[in-house]
1. Examine segment A:112-125 for a residue that is within 14 Å of chain B (Cβ to nearest Cβ), free of Cβ contacts under 8 Å to residues at least 60 places away in the same chain, farther than 24 Å from B:P122 by Cβ and surrounded by fewer than 16 Cβ atoms within 10 Å (Cβ to Cβ), and state whether such a residue exists.
2. If a residue counts only when it is over 17 Å from the mean Cα position of the chain (by Cα) and not basic (K, R), which strands (runs of 3 or more DSSP E) contained entirely in segment A:75-183 have at least 1 such residues?
3. With over 30 Å from B:G217 (Cβ atoms) and basic (K, R) as the only criterion, which of B:R85, B:R76, B:R28 stands out?
4. Determine which member of the set B:V87, B:V67 is among the hydrophobic types (A, V, I, L, M, F, W, C), surrounded by 14 or more Cβ atoms within 10 Å (Cβ to Cβ), more than 20 Å from B:K151 (Cβ to Cβ) and at pLDDT 95 or above.
5. If you take the residues in segment A:40-99 that are crowded, with 18+ Cβ neighbours inside 10 Å and among the aromatic types (F, W, Y), which one is nearest to the other protein chains (Cβ to nearest Cβ)?
6. Only one residue in B:E94, B:E103, B:E72 is within 14 Å of chain A (Cβ to nearest Cβ) and out of contact with any helix residue (DSSP H, G or I) (no Cβ under 9 Å at 6 or more places or on another chain). Which one?
7. From the list A:I5, A:I32, which residue is modelled with pLDDT under 95 and aliphatic (A, V, I, L, M)?
8. Just wondering, is there one or more residues in segment A:19-42 that are under 22 Å from A:V137 (Cβ atoms) and not in a helix (DSSP H, G or I)?
Amino acid sequence: MRKKIIATTSLAGCFGCHMSFLDIDERILDLIELVEFDKSPIDDIKKFTRECDIGLIEGGVCNSENVEVLKEFRRHCKVLVSFGECAIMGGLPALRNTVPIRECFEEAYLHGPSVEEANEEMILPNDEELPMILDKVYPCHEVVKIDYFLPGCPPRADLIWNTLYALVTGEEVKIPYEVIKYD
Amino acid sequence: MNEFITITIDDQEIKARPGEYIVAAARRNGIYIPTLCNMPGVHPAGSCRICTVYVNGRPMTSCTTPVAEGMEIETRSSDLEDFRRSVVELLFIEGNHFCPACEKSGNCELQALGYRLEMMAPRYPYQFPERDIDASWPKLIKDHNRCVLCKRCIRTILDEEGHHIFAFRYRGHNLQITIDPEYGKNLTDELAEKAAKNCPVGSLLYRGKHGFETPIGQRKYDKEPIGSDVEKLKKVKVS
């Protein structure tokens, strides 16, 4: 049987979900028998080299680069999984959603206690190389179609393992109550 | 007149006391109907609709409907489960519920219902409404981001003379909980703690306690779903 190919990424996330992924401990040896990684921070492949079976998305969508990466994942992955609260509901980055974007920028670059004196020319970052920030942080499923959701902050390692195992082998897996949490 | 009447819940005949609400009769018999705004012993509000069941084929809120002889009640079916999940989803998208940053997480009834009903992600778009936090009271913090407007604080927090301390103000999507200024200033620790305890979510926080004191894994809904205590009654009875 051909090994399934997995791609992962972290958008507006903290990489905590990827750390939780590594918490599957020695099962990572079983995993590597079943799958190969393509574009992912785990093997540091930056660009898709082929079509993938499963894409894992950590983090919400906060800027134009996130939108592009997410759409690229949708194009290259048969199954797309949102893992973690940020991917599902925006998470802590989405705390800014109730504050106008200009206010956020001014606090971060002009009036915040740590920048007040450092930014004498009062510049808001405006280099065209920088991705454009969005008006709000969006959950991934409000931008592209997402097939499965793994809640948790971070999702428990057992939840990630059980889900991946089910997706890779096609076997039905019973997910215990304790591993589905929103925090 | 008989002391008990007979009703059928999920094809099971049970004895109920005349005048008691369906949800209470079911619970005494080990059948858990999910509720959020309801509190045992408190006059029901019927505001959250999560306890909806079919009574003789018609959807009714079981917390406000008294039992009647010969009622046939259905509490679980795939469309009821989906209906309940959709209500929980609406509550999640309607406010700003950041579970990872909430002191009530793990002990929150809204979250526990999400777990029990296996809500993985809401089907509706998040609203992210602009709401404030009222930290002006000496004993309480009132966070409108998390409020589900269940009226539990309004219904259960009264002074010795029976005056209400909490009330609703504004209308429609601006509706929010408010505290009487005089009572709020002089609120006793006992009442403030009770208000925080009765709040199903983390909207009312008592200043006398520290948040995040209970480690993850030992909180109320970490190991067992909400309603497990009710369902255990049944298991004991059967064996």
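The values are calculated or read from the model by the stated rules, or taken from the named source; none is laboratory data. Because the structure is predicted, anything quoted here is derived from the model rather than measured. A quick note on method: Cβ atoms are made from the backbone with ideal geometry, for glycine too, and the neighbour counts reach across all protein chains shown.
1. no
2. Counting at least 1 such residues, we get A:133-138.
3. B:R28
4. The unique qualifying residue is B:V67.
5. Applying the filter and picking the extreme gives A:F83.
6. B:E103
7. Testing whether each residue is modelled with pLDDT under 95 and aliphatic (A, V, I, L, M) leaves just A:I32.
8. yes
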